[in-house]
Amino acid sequence: MFRCLRGAGDLGVVLATSTVPTVVFVLVGGVLADRVSRSRLLFLGNLLAAVAQGVLAATVATGYATTTSIAVCGFLSGTAVAFTVPATRGAVAQIVPAEQLQQANALLRLPSNAVKVLGPAIGGVVVAASGPAWALAWDALTFAVAALLLLGLRLDAPVTVSSALGDLREGWTAFRSRTWLWTYTVAGTVLVAAWLAGFQLLGPVVVAQEYAGARDWGLVQGAFAAGLLAGTVVCLRWRPYRLLTVAVVGGAPLAAPLLALGWGLPLPWVLLATLLAGIALDVAIVTWTTAFQQHVPQGELGRMSAFNDVGERVATPLGYLLTGLAVGAWGNRTVLVACAGLIVAAVVLNLCVGDVYRVNAARD
């Protein structure tokens, strides 16, 4: 599909148009998730994603794909994500008893993490055998099937009497009133930006320059995906009581692969550090999601999820920009170590918040 684009500039436009809606519209999705049936939102979100991928597959297959058409489809896909993520968190909490939420969240992540391990190989075979259009068509079909399955899920709409804008204001007040929630989000603003800048932006650059290039970066990505899958399995077996504490501490190992690359360690050590980071990250995601669902009222889950998502993503573009400037001044390795330091600092400061230790698991 890259043949349809005219270089890095076009690729940047496509990536931006698919990312911006997930930030801009997630607040709208959060408000709707607390006003209308979450099952209907999930159905519509998957249907929109199916349409976007189907149109993209058709344009690629017929040779009519352009930067504009790809960007529009990416925008629609990003919009679908913005509307489904808050609804998903709320729907799970609406269906599953509180004491079983951790296992439910882990089970939800199990297939997606398995796909991250197997998907690149399978996708590569499909693209090589039949071309990208068929791979995109298959993706569209999976969204369509998900939408059809969601037709059988009927969840009652939350009860609300205020306007949508009033709901948003009330949600912001509720968000600020929960110290454990907004401090975790602020820490996540720094941690996510530092992690993405270090691993996703600088990681492949450093591996290309100082290791064996694409082959070794593929191994690093594979180790991370395997770690995510292993972390899911851990969460199916281990049920920690101090959910939020585990979630916060789980962010610290993300510094390990950045330090390994920044210090120029041999590839096996980089792979081990990345594997451990993947395990810790998935444990952190599952325990955080569970704590969030157990300690936020049903009628506020959509809006609280949206504020958290916006907070954690808002600094990422700035992080990419500052990283590019910093690399020019101090070099890749120094910036990688600095990103690792920011991750550790965010975790340590978050652990200084007393409310972190009061957000614990519901028991049978």
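The values are calculated or read from the model by the stated rules, or taken from the named source; none is laboratory data. Small disclaimer: the values here were computed from a predicted structure and weren't measured. A quick note on method: Cβ atoms are made from the backbone with ideal geometry, for glycine too, and the neighbour counts reach across all protein chains shown.
Could you tell me which residue of region 59-78 is surrounded by the fewest Cβ atoms within 10 Å (Cβ to Cβ), considering only residues that are of a type in the set (Gly, Ala, Ser) and touching a residue at least 60 places away in the same chain (Cβ under 8 Å)?
As a first pass, look at region 59-78 and keep what is of a type in the set (Gly, Ala, Ser): 61, 63, 65, 69, 71, 74, 77-78.
Among the residues that remain, those that are also touching a residue at least 60 places away in the same chain (Cβ under 8 Å) are: 61, 65, 74, 78.
Details: ALA61: 15, ALA65: 23, GLY74: 21, GLY78: 22.
Applying the filter and picking the extreme gives ALA61.
Answer with yes or no whether LEU181 is outside the structural domain of VAL92 (by TED's automatic domain parsing), among the aliphatic types (A, V, I, L, M), in contact with a helix residue (DSSP H, G or I) (Cβ under 8 Å, 6 or more places away or on another chain) and at pLDDT 90 or above.
On the way: outside the structural domain of VAL92 (by TED's automatic domain parsing): yes; among the aliphatic types (A, V, I, L, M): yes; in contact with a helix residue (DSSP H, G or I) (Cβ under 8 Å, 6 or more places away or on another chain): yes; at pLDDT 90 or above: yes.
Criteria met by LEU181.
Consider LEU155 carefully, then state whether it is over 21 Å from GLU312 (Cα atoms), in contact (Cβ under 8 Å) with a residue 60 or more places away in the chain, under 26 Å from the mean Cα position of the chain (by Cα) and assigned to a loop (DSSP other than H, G, I, E, B).
Values: over 21 Å from GLU312 (Cα atoms): yes; in contact (Cβ under 8 Å) with a residue 60 or more places away in the chain: yes; under 26 Å from the mean Cα position of the chain (by Cα): yes; assigned to a loop (DSSP other than H, G, I, E, B): yes.
Here the answer is yes, as LEU155 does meet what is asked.
Quick grid of which residues meet (1) within 19 Å of LEU258 (Cα to Cα); (2) free of Cβ contacts under 8 Å to residues at least 24 places away in the same chain; (3) surrounded by fewer than 18 Cβ atoms within 10 Å (Cβ to Cβ); (4) not polar (S, T, N, Q):
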residue: GLY302; (1), (2), (3), (4): no, no, no, yes
residue: THR316; (1), (2), (3), (4): yes, no, no, no
residue: TYR320; (1), (2), (3), (4): yes, no, yes, yes
residue: THR323; (1), (2), (3), (4): yes, no, no, no
residue: THR334; (1), (2), (3), (4): yes, no, yes, no
residue: CYS339; (1), (2), (3), (4): yes, no, no, yes
residue: ILE343; (1), (2), (3), (4): yes, no, no, yes
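If you go through region 69-82 one residue at a time, do you hit one that is under 23 Å from VAL283 (Cα atoms), in a helix (DSSP H, G or I) and within 17 Å of the chain's Cα centre (by Cα)?
Of region 69-82, the ones under 23 Å from VAL283 (Cα atoms) are 81.
Narrowing the set further to residues that are in a helix (DSSP H, G or I) leaves 81.
Of the ones still in play, those that are also within 17 Å of the chain's Cα centre (by Cα) are 81.
Taking every residue of region 69-82 in turn, at least one turns out to be under 23 Å from VAL283 (Cα atoms), in a helix (DSSP H, G or I) and within 17 Å of the chain's Cα centre (by Cα).
Looking at (1) surrounded by 18 or more Cβ atoms within 10 Å (Cβ to Cβ); (2) under 17 Å from THR274 (Cα atoms), which is the only condition TYR184 fails?
It fails just one condition, (2).
What are the residue pairs meeting all of these: first residue in region 79-101, first residue closer than 19 Å to THR19 by Cβ, second residue among the hydroxyl-bearing types (Ser, Thr, Tyr) and surrounded by fewer than 22 Cβ atoms within 10 Å (Cβ to Cβ), Cβ atoms under 7 Å, and 6 or more apart or on different chains?
These pairs meet every condition: VAL81/THR22; ALA82/THR22.
Can you confirm whether VAL348 is surrounded by 19 or more Cβ atoms within 10 Å (Cβ to Cβ) and more than 22 Å from the chain's Cα centre (by Cα)? Talk me through it step by step, then tell me what you get.
Values: surrounded by 19 or more Cβ atoms within 10 Å (Cβ to Cβ): no; more than 22 Å from the chain's Cα centre (by Cα): yes.
No; evaluated as a whole, the condition is false for this residue.
So, GLY264, is that one touching a residue at least 60 places away in the same chain (Cβ under 8 Å) and at positive phi or not?
On the way: touching a residue at least 60 places away in the same chain (Cβ under 8 Å): yes; at positive phi: yes.
Taking the combined requirement at face value, the residue satisfies it.
Within region 131-150, can you find the residues that are hydrophobic (A, V, I, L, M, F, W, C) and more than 25 Å from the chain's Cα centre (by Cα)?
Filtering region 131-150 for residues hydrophobic (A, V, I, L, M, F, W, C) gives 133-138, 140-141, 143-150.
Correct list: ALA133, TRP134.
Under 7 Å by Cβ, and 6 or more places apart or on different chains, what pairs join a residue from region 127-148 that is more than 23 Å from GLY45 (Cβ to Cβ) with one that is at pLDDT below 90?
Once the first residue is more than 23 Å from GLY45 (Cβ to Cβ) and sits in region 127-148, its partners that are at pLDDT below 90 give VAL127/ALA135; PRO132/MET1; PRO132/VAL60; ALA133/VAL60; ALA133/ALA61; TRP134/VAL126.
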